[in-house]
Structures are given as structure tokens and as C-alpha cells.
Amino acid sequence: MRIATYNINGITARLENLLEWLGETKPDIACLQELKTTDDRFPADAIGKAGYQAIWHGQKSWNGVAILSRGSAPKERRRVLPGDPKDSHSRYIEAEIGDFIVACLYLPNGNPAPGPKFDYKLMWFARLIMHAEQLLAEQRPVVIAGDYNVMPTDLDVYKPERWIDDALFRPEVREAYRRLLAQGWTDAIRKLHPKERIYTFWKYWRNSFQRDAGLRIDHLLLNAPAAKLLKSAGVDRATRAKPHTSDHAPAWIELGAAKRRMEPVATIKKTKPPRTRAKG
DNA sequence: ATGGCTCCATACTGGAGA
């Protein structure tokens, strides 16, 4: 079971890239961010022809999230992060897919910091931490995947000293991420690659990708039942190298099959047939 | 050093992204 998260940076402009990536890497579940289009313009037909059922929460020009599945259909659980009825940004969607719960998020960027946008980011993070506490209580495997817009540690930034005052790296934001993990979530990529420099974003400017001047800001967090199933994790860097591509690369995990709760099975005693001597 | 690049809207420019 492969679950991926990909900030597509405009699903209209990037539809061909998206379909190519789906065909090449065949994720079972794909969480998308930055659709940058309204619900009625979401390309559900093209995505359906590629073999995926989807739910989405769009918005004109900005934000927008979707969950695609090529196995069980995603059953929507919520499309709003609780805690602020006035929040009009489309940044969250959550579904039940087979035995899994999958949440897809696009956490606010927060620049410039300090300022109202940074305040909004911290508020949004606090709401996420509140809601994640509820998700963590689930017995089923839960994956919270998306663009978190935070580099958790120095290892996740090509030049930490240059990002120290940025909303993606300020101490308050890293602290919020630590608080989230401390609830019991596993950062899948970091768990399997504790020392490796792994990035998921490179600016379009100044040949950032060619220089590997990147950031790790797209994450897949796992509750304990999901973490038990974790087999491998990585980043589709080749997707970032393509023409007309998003400035993010997809990040993914491979999970083993979720174990269904064993139902009590009536013991069938095998009784050997009585030995009968061949007569005659 | 506030540049550089690319999306979207209904546009020939500006906001947002990170």
C-alpha cells in the first residue's frame, strides 16, 4: 500500500504532470495540495479515467486539497479542521479508505513573520494539534499527510542560518511540530532515514533543484498502528526534475496490509479418520 | 541583498507562494 502526498501547485496547469506521476508511481492513495481551483473545476473525469476515485475541497485561486484512491473509494469524514468557524481557507480534508484513515492538509505558509499571516499559521497549527489528539485515539491506522510548511530540524534545510527568521523555520513553528509528534506520531521519512538529507521542495529560482538547495516540508505522520506497518519511505525526485513541474516533489510511504481484527473462529478439531485396516 | 520564478485572476499587473 503506497500513500503519497504531493503539493501540485495548480491542478489545472499541472494536470498532465499529475497523470504522468500517477501512471509512473501508482500510489494507492494520493493526497494533493494547492489545487488552486474551485470545486466545479476539479478534473474528476481525467482522474477517474486514470483509475482514481477522489474527494476534494477546492477554492478559487488558492489552497485546495484532495484525496485520490485507486482501491476503496474515499469516504469523507470531514473537510474542515475544527476550531475556527470563520476560517474560509480550503486546507483540510479527511477520509476513511478501507481500513485506513487518511487526512490531507495544507498548513499555512505564514510569511511574513511576525504578522497576521504568521498568527494564522500558529492558530492553524494549534487547531491541528487539538484534532490530531482525537485522531491518535483511533484504533485503525491513521496517516496525516501533506504540506506542513515546516522544516522540523536543521537537517531539513540546505542552509539553516538563512531560514532562521522565516515562517517555515521559526522556533515557534518547529516547537509546534515537536508538540504534534510528542503526542505519539511518527514522521515516516525521518524514522526510516534518520541521518539523511531529504528534501521535498526546491524554489524555482536560482537553479535550486540543480544545486539541491531544498527544504523538507512535506510530511507523512503515522499513528502507532500505521507505524507498525511502515516498510519504506521516500521522495519522487525525478518528478521534480521534469519540465513544467511543481516546485514540490511527491513524498511517499509503503505500508504493509492493515491487520484486520481477528474474529473468534470456532475451533475445528481435525479428527483423524479411524484407521481401517485394509482387509483382504 | 527582498532579487530570482510560476501560478492564478480577467490582466498587461498584482498577490501569493516558500
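The test for being of a type in the set (A, V, I, L, M), free of Cβ contacts under 8 Å to residues at least 60 places away in the same chain and within 10 Å of DNA strand B (Cβ to nearest atom) does not hold for A:ALA213. The condition of being exposed (fewer than 14 other Cβ atoms within 10 Å of the Cβ) and charged (D, E, K, R) holds for A:ARG178. Counting just the residues of segment A:181-207 that are more than 27 Å from A:GLU133 (Cβ to Cβ) and buried (at least 21 other Cβ atoms within 10 Å of the Cβ), which one comes out farthest from the chain's Cα centre (by Cα)? Here the residue is A:TRP202.
With A:LYS203, A:LYS242, A:LYS195, A:LYS191 as the choices, which residue is within 16 Å of DNA strand B (Cβ to nearest atom), over 20 Å from A:ASN109 (Cα atoms) and modelled with pLDDT of 95 or more? So that I can check it myself, show each step before the final result.
Numbers: A:LYS203 fails: over 20 Å from A:ASN109 (Cα atoms); A:LYS195 fails: within 16 Å of DNA strand B (Cβ to nearest atom); A:LYS191 fails: within 16 Å of DNA strand B (Cβ to nearest atom).
Selected residue: A:LYS242, the only one of A:LYS203, A:LYS242, A:LYS195, A:LYS191 that is within 16 Å of DNA strand B (Cβ to nearest atom), over 20 Å from A:ASN109 (Cα atoms) and modelled with pLDDT of 95 or more.
With respect to the stated conditions, A:GLU76 fails to be within 14 Å of the chain's Cα centre (by Cα) and away from DNA strand B (no atom under 16 Å from the Cβ). Between a residue in segment A:23-44 that is under 17 Å from A:ALA249 (Cβ atoms) and any residue that is near DNA strand B (Cβ under 8 Å from one of its atoms) and part of a strand (DSSP E or B), which pairs come within a Cβ distance under 8 Å, given they are 6 or more apart or on different chains? Partner pairs satisfying both residue conditions: A:LEU32/A:ASN7; A:GLN33/A:ASN7; A:GLN33/A:TYR106; A:GLN33/A:ASP147; A:GLU34/A:ASN7; A:GLU34/A:TYR106; A:GLU34/A:ASP147.
Being within 24 Å of A:ARG77 (Cβ to Cβ) and within 12 Å of DNA strand B (Cβ to nearest atom) is the requirement here; does A:LEU15 meet it? I'd like the intermediate steps shown before the answer.
Working: within 24 Å of A:ARG77 (Cβ to Cβ): no; within 12 Å of DNA strand B (Cβ to nearest atom): yes.
When the stated conditions are applied, A:LEU15 does not pass them.
For segment A:20-47, give me each residue that is within 15 Å of DNA strand B (Cβ to nearest atom) and more than 22 Å from A:ILE217 (Cα to Cα). Those that are within 15 Å of DNA strand B (Cβ to nearest atom) and more than 22 Å from A:ILE217 (Cα to Cα): A:GLU20, A:THR37, A:THR38, A:ASP39, A:ASP40, A:ARG41, A:PHE42, A:PRO43, A:ALA46. Quick check on A:SER88: is it within 12 Å of DNA strand B (Cβ to nearest atom), in a loop (DSSP other than H, G, I, E, B) and small (Gly, Ala, Ser)? No: the conditions fail for A:SER88. When you scan segment A:119-130, do you find a residue that is farther than 18 Å from A:GLY184 by Cβ, modelled with pLDDT of 95 or more and not in a helix (DSSP H, G or I), even just one? For segment A:119-130, residues farther than 18 Å from A:GLY184 by Cβ, modelled with pLDDT of 95 or more and not in a helix (DSSP H, G or I): absent. Picking from residues in segment A:143-194 that are in contact with a helix residue (DSSP H, G or I) (Cβ under 6 Å, 6 or more places away or on another chain) and without any contact (Cβ under 8 Å) to a residue 24 or more places away in the chain, the one that is nearest to A:PHE209 (Cα to Cα) is A:PRO160. A single entry from A:LEU35, A:LEU68, A:LEU105 fulfils the requirement of being assigned to a loop (DSSP other than H, G, I, E, B), surrounded by 17 or more Cβ atoms within 10 Å (Cβ to Cβ), under 15 Å from the mean Cα position of the chain (by Cα) and at pLDDT 95 or above: A:LEU35.
State whether one or more residues within segment A:124-142 are touching a residue at least 12 places away in the same chain (Cβ under 8 Å), farther than 27 Å from A:PRO225 by Cα and more than 13 Å from DNA strand B (Cβ to nearest atom). Please lay out each step first, then the result.
Of segment A:124-142, the ones touching a residue at least 12 places away in the same chain (Cβ under 8 Å) are A:124-133, A:135-136, A:138-142.
Filter once more, keeping what is farther than 27 Å from A:PRO225 by Cα: none.
No, the conditions are met nowhere in segment A:124-142.
The values are calculated or read from the model by the stated rules, or taken from the named source; none is laboratory data. Values in this document were obtained by computation on a predicted structure and should not be read as measured data. Virtual Cβ from ideal backbone geometry, glycine too; neighbours counted across all protein chains shown.
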